[in-house]
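Reading through the structure tokens given below for one structure.
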């Protein structure tokens, strides 16, 4: 079939050779024509070889006889006929060429043909390979049609395209038309008739109906030609190509275009195409936003509708976007048809419009959101200021989008810069102490699954410096999804380190609130009282006895319970914090009071609610004041004033335009005097901080103003454009808070010293007791005359001095009992205290002591006298520490005869401590004796020293007074009532050990003490059994009768106090004496309360012990009791 096509195209080429422009070199034109027709043809290898044979015969001038064997045998008779036709026609032309050539022999032409033959054959082979590949990729069918006889030929690929085979459908025009879709056939027949008449090209699309009923789209193209040189009949040749895929794509494109046009027209965004600043397209949303129809906007400049202040921004971004650069979303303003301004948010992409660069722009009306955002921004500024002032940090956890926000306050609280603190949940959780983290995660899990209404937990978070801050973490789910699962959690983190460590030192809940005028109580889940402070009891006319454990309704009455408690407590037990104001007539108060009532959930460490804390503050006076206020500004000013802070604002130039707060009085200003000042008038450190705030930085800083410390927070005020237009500042006086922290740390250190001293006292006293017992035994055996007895007396005296030394250590560490008083000589106590003080004084301070009351006696507690001396001398040392100087201590007797409310007439022992330091300001008066008042720098004093001295002197019936001259020093004098010396001598008289009789059980885990004590008691005439611990003692009591049990306190398996309780149950009338080296949990009063016969301190004075044993056994016999009772 390809030879038929070759023949047809060759006819065109040979016809072209008759044109005048080809008359010069006809041979070259012929060969060029062969090359041109070779390109689109498909030759098999056999056909190519056959063509070469024809070419050889043709060049030799021979004809091709029928039946020639060789390569020609492999082609069809029809193809051979075509080859004959082609080369015979060529031969006739070349023959004519030779005749027209001047030399006439044609030798050059023969050589030229031979030369071209090889090139043509090679080209045909190359073209064959290429067209085989094209035929596999593209299905194209070829056809030709003889208009004279109606003969028609189809290529093999055309049969395939039409879904026919040569056996089932012969090539004909009728069969070709029958293969077309019935709806297309009439139109195609008309086009072909018109083509035949006009003689032009034929091209049309049509559907071909396939045998299975389906159809495919084809492109039919053809042209008419007539080989004029052969005078053959007119023919039409053409191709058929499968365009089903293209047609389907075109239909899909139309449907997609309709769909996207509908989407664009119905979009809730304004969509437009902008090109060089002109609107080329707009969807109908323009009418809803600006009031213009799309046809009104097309062809107009976009800048016509933009707010003048935003035109430059929009133009610059439009140029960038049209050039193909990325432009992020941004907002700008437009003016609608009625002159109303709208905020639009825009995004877009570059595009092409009618062949030129343009921008496809999407616009959303965000006016309402913008107004809301601006209001929210202003609200957030106020919230952030309050959070900075209250030391709170906020976080927002979006569970649905896995986003976590942390306010900048938290990094600053932990010592980080905000930029080095990742705002992620994992980073924050990793900072939580490993002991607290599992509980926090469990609590969060219980809240997320609904088992806990909210999270309220204390935990430790690590600071950047490696230390730990105690925090209160509160959070709650504020938004839930359709399935009820939480999607968002917001919360706050508060640094409670100061409060936590302060509360750590408090041991009694009632002590914190007993002196408060606020009515406070704690109820459990059943509305039963667990605590009520004295103010609460007084207001309701209650007595503390019998209150704990009773139902609130039974205590305050049904009417008051229903009116005041039931509803609020119930809500509070469900997790709410209830606060309200109410006029209440309390049964224990004379008139009706206006109270601020708050019910606060009382939670355990894991956040579970265990009860309700009730606060009732008397707000009567405040209510009366509020009633007199007429405007909200007055209310705000009153609130700020009562908070005790300084609140002020300044404009962009730093000029104060608002000031309020009770704190103004502390710095000597008023609202009127501060308004109009400049921040540049502030002290240098504060002025520099304020300038940072005006520069746009929000922060807090602690500053010292004189003897006061302030926590000052600065927050810039922004306008809608984000420019700083002013400054808002808050200052809070935290001096007392810092001093309280110092006092608490001092108290904790003293507590540590006391614990150490107690441990030393117990062990050391046991050692002294063993030495004393053994020395006493030896003394009992030594002759009355001789050096041995004197040496043993010295040993016993030394153990007594050791005992007193231990007592001094306990006194210094405040571990001795300060409730007992006895007649003492103050001189010895003063000397003992001076020994401790001299070692701690710097070399530039000298100390002298003058005693003018050697025989004076006072009734006092030695520990308290040590405390008075220690506090007064410490203050004197602080006053002279920097410049050096002298401390003078004087003890004298003084007769008071004048009327004095604090010192009645009589004899007093005066203890004076004078120094040459800086003195006391006369304006302070007795204020120096107030608790926590101190004039020393921060870190140098607790403000408790003189207050303690004042309290001790009052308990002793005395008084402390002072004289001072600034710059020259001070003298403090403590006056103690003097007692009769005979009483002191009688108190101090010691009796010799008394012999006795009776059965004694001695219990002690120390072997040396147990054995030596047994021998001493047996030497005094007693029958003695011993036991190493309480359990062994109980077994002995069950099988033996005793008149007295003497037991140690600290023993394994059972303490002395536990043994005494067990003996009381076993032998109720058996007396027990308790002895101990030292115990800070069980003293003489505790022993008396427990029903013990006495309390002895190791090492024991055996004269005192023997006397106490004799008296105890005597009382037991007088009542007719023994161990068997």
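Projecting label points 7 angstrom from Cα along Cα→Cβ for residue 678 and residue 526 puts them 7.1 nm apart.
Please work out whether the range 507-625 counts as rounded, prolate or oblate from its C-alpha gyration tensor, where a ≥ b ≥ c are the square roots of the eigenvalues and a/c under 1.5 means rounded, while otherwise a/b larger than b/c means prolate and anything else oblate? Intermediate values should be presented prior to the final figure.
Values: a/c = 1.41, a/b = 1.27, b/c = 1.12.
Rounded is the answer for the range 507-625, as its axis ratio a/c remains below 1.5.
Computing FRET efficiency as 1/(1 + (r/R0)^6) for residue 462 and residue 349, where r is the C-beta to C-beta distance and R0 is 41 Å, gives about 0.30. Gap in Å between the Cα centre of the range 245-303 and the Cα centre of the range 151-196? Cα centroid of the range 151-196 versus Cα centroid of the range 245-303: 45 Å apart. A simple packing score, the average count of other Cβ atoms within 10 Å per residue, orders the peptides 345-358, 678-691 as 678-691, 345-358, with the highest score first.
Measuring between their Cα centroids, the range 895-914 and the range 956-979 lie 10 Å from each other. You can think of it this way: the chain between residue 927 and residue 800 has 41.5 nm of extra reach, that is 0.36 nm per residue less the Cα-Cα gap. Stretched out straight at 0.36 nm per residue, the stretch from residue 1103 to residue 699 would grow longer than its current Cα-Cα span by 138.2 nm. Stretching residue 591 away from residue 836 to a fully extended chain increases their span by 82.4 nm, per 0.36 nm per residue minus the current alpha-carbon distance. In whole percents, the pair-distance distribution calculated for the range 990-1118 from its alpha-carbon pairs, binned every 5 Å from zero, is 2, 11, 23, 27, 22, 12, 2, 0. Label sites at residue 442 and residue 653, each approximated as a point 7 angstrom past Cα along Cα to Cβ, lie 6.4 nm apart. FRET efficiency for the pair residue 255 and residue 691, taken as 1/(1 + (r/R0)^6) with r the Cβ-Cβ distance and R0 = 41 Å, rounds to 0.05. Please give the FRET efficiency for residue 843 paired with residue 822, using the beta carbon to beta carbon distance and R0 = 41 Å, rounded to the nearest 0.05. Given R0 = 41 Å and the Cβ-Cβ separation, E is 0.65.
Inter-label distance, residue 263 to residue 241: 3.1 nm, where each label sits 7 Å from its Cα along the C-beta direction. Tell me whether the range 630-733 comes out rounded, prolate or oblate; compute the Cα gyration tensor, take square roots of the eigenvalues as a ≥ b ≥ c, and use a/c under 1.5 as the rounded threshold. Oblate is the answer for the range 630-733, as a/c is 1.5 or above yet b/c matches or exceeds a/b.
For the range 389-501, relative contact order (Cα pairs under 8 Å, six or more residues apart, normalised by length) works out to 29 percent.
The packing ranking of peptides 588-600, 1055-1067, highest mean first, is 1055-1067, 588-600, where packing means the average number of other beta carbon atoms within 10 angstrom of each residue. Taking the DSSP beta bridges in the range 990-1118 as the whole, what percent of them are antiparallel, to the nearest 5? Here the share of antiparallel DSSP bridges comes out near 0 percent.
The packing ranking of peptides 848-854, 425-431, highest mean first, is 425-431, 848-854, where packing means the average number of other beta carbon atoms within 10 angstrom of each residue.
Readers should treat all values here as calculations from the given coordinates under stated rules, not as data from a laboratory. The shown structure was predicted, so the numbers you read here are calculated from the model rather than taken from an experiment. Here the Cβ is made from the backbone with ideal geometry for all residues, glycine too, and neighbour counts use every protein chain on show.
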